[in-house]
1. Starting with the fewest neighbours, write out Asp105, Asp135, Asp258, Asp235 ranked by other beta-carbon atoms found within 10 Å of each beta-carbon.
2. Amide H of His247 versus every other amide H placed in the peptide plane: which residues, excluding those fewer than 5 positions away on the same chain, fall under 5 Å?
3. Using the count of nearby Cβ atoms within 10 Å as a rough guide to exposure, how do Leu237, Leu198, Leu108 rank from fewest to most?
4. Could you order peptides 259-267, 84-92, 246-254 by the average number of other Cβ atoms within 10 Å of their residues, highest first?
5. Suppose the chain between Glu254 and Ser146 were pulled fully straight at 0.36 nm per residue; how much longer would it get relative to their current alpha carbon spacing?
Amino acid sequence: MTTQDGFEQARAEYGDEELDAVLSAANADILRHLQKSSDSMRLLATLFGVADSMDGESPEAVGGRDPNHSLVLPKPGTDSLAGRLIHARATASLIFELVNFSHQDVALMVRSSSGAEFTRLIVSEAVDKLNSAYDYAVHLAKNVNSMWEIDLDGSDIGYHTIETAKRIESVRSMAGKSLLDGDGYRADGFIQILGIELGLLSRQADHTRRTLERIPIDASGADLTGLGVQRPGLDWLIGVVWDQATHWPIILLERVADNSDEIQPGIYRIRGGAAHDPHIMATL
């Protein structure tokens, strides 16, 4: 019996609502175990089946990392709360971008009734993007779930990061299997189902991104030079509070200064964020 067969049998026996409740409880148990563990990052790596490293290497999967999207992981020593939250924002933004591009490509293909070769190309590109998104999602889950001692405004962001990574893995496995099965991607209704799954995944990734963006960040006095973030625009920095003692990466320094407002003497906020107490967040 396959895993899918087991799920179908369980649903037939218990019903959708009861089975979903059992699965939710199991996820909560996993999360509580991670919270209590002294090495939650290793547990997460084991859960997702990847090596416990911070070097950003992709796990083994069909296809490879999308070369058009990159995120340089933080250097060791970037341990301020502000730095970790900023990097989490940037990672969540990239995950959403990768997933959303895949959704748009597949949705366009559904509407245009493309031929087999173009369909295979689009599915293959979606797998590449999902491979990269999964790699980053695992890193994001490690990062966020290593900050259990921090009250992230009461939101269950740790749970959302784990669920996002699991859903990416599910969708990329479905898409990858369709390529390995010869012409499985041409099966009736497959592309429509893939489009629906990518749409749901895109909304979930967007929810995770927006949840992180709502967490106020005070980077006053923080050394952020080790962030190593290479992202266009400053959307992932909106609302961050900083002062003249904040050390930014050289590549960001001018853009941050040009896009910030002075909210108190010597204290600045990157344009676009909601007003909040600039000292609400402490550093580790």
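Just so you know, all these numbers are worked out from the coordinates, no wet-lab data involved. Just so it is clear, the structure is predicted and the values come from calculations on it, not from any experiment. Glycine gets a Cβ as well: all are built from the backbone with ideal geometry, and neighbour counts include every protein chain shown.
1. Going from least to most buried by this count: Asp258, Asp235, Asp105, Asp135.
2. Here the answer is Ala222, Asp223, Leu224, since their amide H atoms fall under 5 Å of that of His247.
3. Starting with the residue having the fewest Cβ neighbours, the order is Leu108, Leu198, Leu237.
4. The packing order, highest mean first, is 84-92, 246-254, 259-267.
5. 35.7 nm
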